Structure formats: C-alpha cells, structure tokens
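Contents: one structure, followed by commentary.
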Amino acid sequence: MPVLNSIEHYLSTDGIRITLADVSDAAREAQDIHQLQSMAAVIMGKILTASAILAMDFKNHEGVSLKWVTGSPLGTIHSDAYEGRYVRGFPDHPECSLPDYSPDKESDFVSCSGKLFVTRYSLLKQPYVSAVNLSKGDVAECISEYINASDQTLSHVEIETKLDKTGHISRCSGFIAQLMPEGNKELFHKLFETGEKLDLWGEGDHSLTGLLRKEDYILLGKADISYRCTCSEDRIKNSLLGLPVDEQQSLLDDEKIEVVCHYCGKKYHISRETLKKWFQEKKGGNV
Ligand SMILES: [Zn+2]
C-alpha cells in the first residue's frame, strides 16, 4: 500500500511504469488552511495527488502546476507539485457551500463544463502549458483523459480518499500506470482495464500492493511528500511592482497593508514606508 506521505516511482520488467503518491497529511493541511467542507476537501486532496503523480520525471525535478477550471461554485482550483516532494494548492472559493461528499456527486463539482490547464517544467524542459476540455468524470477520470490526450501513451489513473466521521480527510492516495513504448500492452489491459478499481490500501490479490509484488516492480525512487508554500516577502514585492502605477498609489493610502497568501494563508503586513521604498527603487531602475 502507498506509504503514508510519500511518493514512489516503480518500473516493471514488462515495461509498465507506476508512480504512486500518498498526500494524506498535505490534503488534511489544505483542508485546515482553507477550512474546507468534505466535498471541497476531497476534491482539493485529489487534485494535490494528481499534481504529485503527474510529476513523473523525478530525476529531472519535474514540476507540475494544475489550473483546474471546475465550472462549479468552487471556481478554479490551483495546485502545484515541485521539487519531487512538495505540494500546495487552493480553490478560488473555499467558502462555497456544497453537499457532503459522496463519490457519485464528485464529478458534478470538478467537470461541469470544466477545463484543465497543465504546466510542466523540469531541468530539461522550459515550462509548457497544455489544456484539455473535460468530459464529465471524477478527478482521476479527468486526469486520465488529459494524459491520454497529451502524452499519447496508454495510461491509467486512480485516486482515492478516506474521510473520518467528522468529514476530515484521513487518507488520500493515488497512482498513475503508464505503458512504456516497448511495454507489454496485453498485460497492461489485463491489469488496469478490467473496469474494476484496485484496492489502494489493502494487501490482497486485487490490491495495488499485490500487483507491485506479483509483477516484479523495481523501485526507482522514493521521497517524503509534504505541504509547503514558496511565498515570501520578496515574491509579494515582485507582484506589487507589477501593478499599474495608480493601483500602487492607492496602496499608499493606509498606514500598512495586509497581503494574505492564497496557498498557505500566511499574512504579510507591509508598512507604507516599505511600500514607498519599493516603488521608489523601481522608479530609480534599481530592481
Ligand atoms: Zn504561502
């Protein structure tokens, strides 16, 4: 079963590659930071998992950012996986009121006239964005749709969450299986296209653990995974310097301003003096 809070990359001798991730603590942290009810929390957790498993090229530090236009009251959901071990994310409307989570309702809130933008980058690749219009499906089905269209490799994705009695996420894991160019297509169909989901957390024959054991997978890489933000005062400075001059001026009306990071909720208080200094520096061409 996926090890708690970790990402693992496997390859089988039959040419099937599997990346699996467990982001349980990170998904719970996202739920706490954004105060999400169960439906929004599950969707957010699954999208964090999706970005983690899409960053398959761990040797070249592949990063993945998802901009998921849900077409539902949640608005757009943003999620990043970076450095092979960190995730972060937020929905535009964490406060929206949705029904309690149930698997059959998930697709109503992730893909009603939805669109998914995926940015991928690594040491070898400049960032590039691809987009797909989503047909109705849950998070895993939408990710399968994206990867089959963009990579043109045979892929299979499953993502599952478990909630405790209070509607808090207790587990959040998923995997992607991809057929390599020389891989065994028949075996891939047999393992992943039965129409039945694998048991992600069990140990039995029809579990992911059972499959990894039986088919002789080699572990290529493994890392701990956690929720981490990249915000800093420097980044806030850069984005404020990008504002039109009249908007910058209006920020100087108050003694200080408060900027809240969407991803982690951290509050930055910036005094008028500091703002003046930043804007002055820019005018002087020192930035
Ligand atoms: Zn932050």
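The values are calculated or read from the model by the stated rules, or taken from the named source; none is laboratory data. Since the model is a prediction, treat every value here as computed from it, not as a measurement. Cβ: placed from backbone, ideal geometry, glycine included. Neighbour counts: every protein chain shown. Accessible surface is based on the protein model in full, side chains and every heavy atom, while ligands, DNA and RNA are left aside. Shrake-Rupley method; radii C 1.70, N 1.55, O 1.52, S 1.80 Å.
Things to note:
- Criterion violated by L124 - all others in (1) free of Cβ contacts under 8 Å to residues at least 40 places away in the same chain; (2) assigned to a loop (DSSP other than H, G, I, E, B) satisfied: (1)
- You will find that of T76, T161, T119, the residue that is in contact with a strand residue (DSSP E or B) (Cβ under 8 Å, 6 or more places away or on another chain) and free of Cβ contacts under 8 Å to residues at least 40 places away in the same chain is T76 and no other.
- Looking only at residues of the stretch 127-144 that are at pLDDT 90 or above and among the charged types (D, E, K, R), we find that the one that is farthest from M39 (Cα to Cα) is E141.
- Check on K105, open to solvent by 60 Å² or more (accessible area, probe 1.4 Å), touching a Pro at 6+ places or on another chain (Cβ under 9 Å) and in contact (Cβ under 8 Å) with a residue 24 or more places away in the chain: yes
- The stretch 167-204 - residue that is among the hydroxyl-bearing types (S, T, Y) and open to solvent by less than 60 Å² (accessible area, probe 1.4 Å) and, of those, nearest to I143 (Cα to Cα): S173
- For first residues located in the stretch 225-244 and more than 28 Å from L54 (Cβ to Cβ) and free of Cβ contacts under 8 Å to residues at least 60 places away in the same chain, partners that are open to solvent by less than 40 Å² (accessible area, probe 1.4 Å) and away from the ligand (no atom under 14 Å from the Cβ) and lie 6+ apart or on another chain with Cβ distances below 6 Å form the pairs K237/W278.
- Restricted to the stretch 236-256, and to residues there that are under 28 Å from V87 (Cα atoms) and open to solvent by less than 90 Å² (accessible area, probe 1.4 Å), the residue that is nearest to the ligand (Cβ to nearest atom) is I236.
- Where strands (runs of 3 or more DSSP E) fall entirely within the stretch 1-91, those with at least 1 residues that are more than 23 Å from T230 (Cβ to Cβ) and not acidic (D, E) are at 6-12, 16-22.
- Residues of the stretch 257-275 classified as loosely packed, with under 13 Cβ neighbours inside 10 Å and either more than 16 Å from the ligand (Cβ to nearest atom) or of a type in the set (S, T, N, Q) (or both), total: 2
- Qualifying residue in the stretch 206-222 (condition: within 16 Å of the ligand (Cβ to nearest atom) and open to solvent by 30 Å² or more (accessible area, probe 1.4 Å)): no
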